[in-house]
1. Given the condition among the aromatic types (Phe, Trp, Tyr), farther than 30 Å from LEU201 by Cα and buried (at least 16 other Cβ atoms within 10 Å of the Cβ), answer yes or no: does some residue in the stretch 37-53 qualify?
2. Which pairs turn up if I take residues in the stretch 203-229 that are not assigned by TED's automatic domain parsing to the domain that holds GLU149 and surrounded by fewer than 19 Cβ atoms within 10 Å (Cβ to Cβ) and look for partners that are at pLDDT 95 or above and not in a helix (DSSP H, G or I) with beta carbon separation below 6 Å, at least 6 apart in sequence or on another chain?
3. Inside the stretch 202-243, can you point out the residues that are among the polar types (S, T, N, Q) and more than 15 Å from ARG192 (Cα to Cα)?
4. Has the stretch 120-128 got any residue that is in the same structural domain as PHE184 (by TED's automatic domain parsing), over 30 Å from SER13 (Cα atoms), assigned to a loop (DSSP other than H, G, I, E, B) and in contact with an Asp or Glu (Cβ under 8 Å, 6 or more places away or on another chain)?
5. Here are some conditions: (1) at pLDDT below 95; (2) at positive phi. ASN180 meets all but one. Which one does it not meet?
6. Can you run down the residue pairs with Cβ atoms below 6 Å, 6 or more apart or on separate chains, where the first is in the stretch 67-82 and polar (S, T, N, Q) and the partner is not in a helix (DSSP H, G or I)?
7. Consider LEU64 against the criteria (1) surrounded by 15 or more Cβ atoms within 10 Å (Cβ to Cβ); (2) farther than 25 Å from PHE196 by Cα; (3) of a type in the set (A, V, I, L, M, F, W, C); (4) at pLDDT 95 or above: it satisfies all of them except one. Which criterion is unmet?
Amino acid sequence: MAKTFVIHPDYKSIRPQLEEAINGFSENKDFITKGERNVIKKVKIGDEFFNIKKFKTPGLFQGLVYRFLRKSKARRSYEYALRLTELGINTPFPVCFSEDFSAGLKKSYYISRHLDYDFDFRVLNHNPKWPNRDEILRQVAKFTYELHENKVNFLDHSPGNTLIVDKGEEKYDFYLIDLNRMRFEPMSFEKRMRNFRRLWLSKHMINIMAETYANLSNNTYELTHSLMTKYSRAFQKKVNAKKVRRRRRNN
């Protein structure tokens with residue numbers, strides 16, 4: 001069994017405790033999320049809290065791909081978080097990642113510093129009367145513009161992957177999570193607008209965000225609104241069609 005363990009220099013002093021937390025992951029009952037694919041738990045070391053994300057064990061073929069052809073999700077999460085941090089883009093601070101190999105990848109973990117946040121973008125989708133909603137939408141549009149200007153194409157730019165911290169006085173900080181699907185590349189305006197599609201925006205949300213993005217990017221509101229709507233509606237239609245097909249199969 002081969003093992004990889006890479007740690008941020010700031011946390012080398014607690015490496016034994018981090019490794020112990022990974023080895024004791026199964027016994028840890030402090031769940032943050034418990035999904036079918038990935039599980040996240042919280043652990044306290046000294047005075048700090050950390051989140052440990054255990055990725056689903058891949059099948060034999062995919063495990064070989066992750067060993068010889070492609071970086072694992074844990075490694076990508078750590079490296080992309082470092083890259084975002086260097087760019088001044090918020091994400092829970094990357095601490096370390098661990099990989100276990102036996103022929104192919106068997107187990108992988110990513111640890112980040114725990115973030116106490118106030119809410120995520122999903123509340124803006126589900127609650128039109130959320131306090132200060134329009135201003136938050138404007139600031140999310142500005143945050144997304146800054147991602148694009150920094151050549152960050154966050155492929156999982158979806159409601160659950162943007163955590164929001166209320167700083168008071170109508171100021172908000174935004175943190176990206178679930179980072180393993182990301183590209184660092186120049187983005188055309190069409191590609192930028194397509195990047196909004198997974199946020200599941202309503203007509204009102206598009207009206208607000210398109211105005212902000214158009215002003216920042218020196219594009220017309222009409223073009224920005226048209227493309228944002230086009231890609232948002234196409235994505236929503238595709239997802240809804242899949243749900244209908246799934247219901248029909250299950251009935």
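1. yes
2. Pairs found: none.
3. SER202, ASN207, GLN236, ASN240
4. Scanning the stretch 120-128 turns up no residue that is in the same structural domain as PHE184 (by TED's automatic domain parsing), over 30 Å from SER13 (Cα atoms), assigned to a loop (DSSP other than H, G, I, E, B) and in contact with an Asp or Glu (Cβ under 8 Å, 6 or more places away or on another chain).
5. Of everything listed in (1) at pLDDT below 95; (2) at positive phi, ASN180 misses just condition (2).
6. Every condition considered, the pairs that remain are SER72/GLU99; SER72/LEU105; SER72/SER108; SER77/TYR110; SER77/LEU179; SER77/ASN180.
7. Just one mismatch for LEU64, condition (4).
For (1) assigned to a helix (DSSP H, G or I); (2) over 23 Å from the mean Cα position of the chain (by Cα); (3) closer than 20 Å to ALA81 by Cα, each residue gets a yes or a no:
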site: VAL6; (1), (2), (3): no, no, yes
site: ARG15; (1), (2), (3): yes, yes, yes
site: ILE22; (1), (2), (3): yes, no, yes
site: SER26; (1), (2), (3): no, yes, no
site: ILE32; (1), (2), (3): no, no, yes
site: ARG37; (1), (2), (3): no, no, no
site: ILE40; (1), (2), (3): no, no, yes
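The values are calculated or read from the model by the stated rules, or taken from the named source; none is laboratory data. What you see is a predicted model, and the numbers here were worked out from it, not measured in a lab. Please note: Cβ atoms are built from the backbone with ideal geometry, for glycine as well, and neighbour counts cover all protein chains shown.
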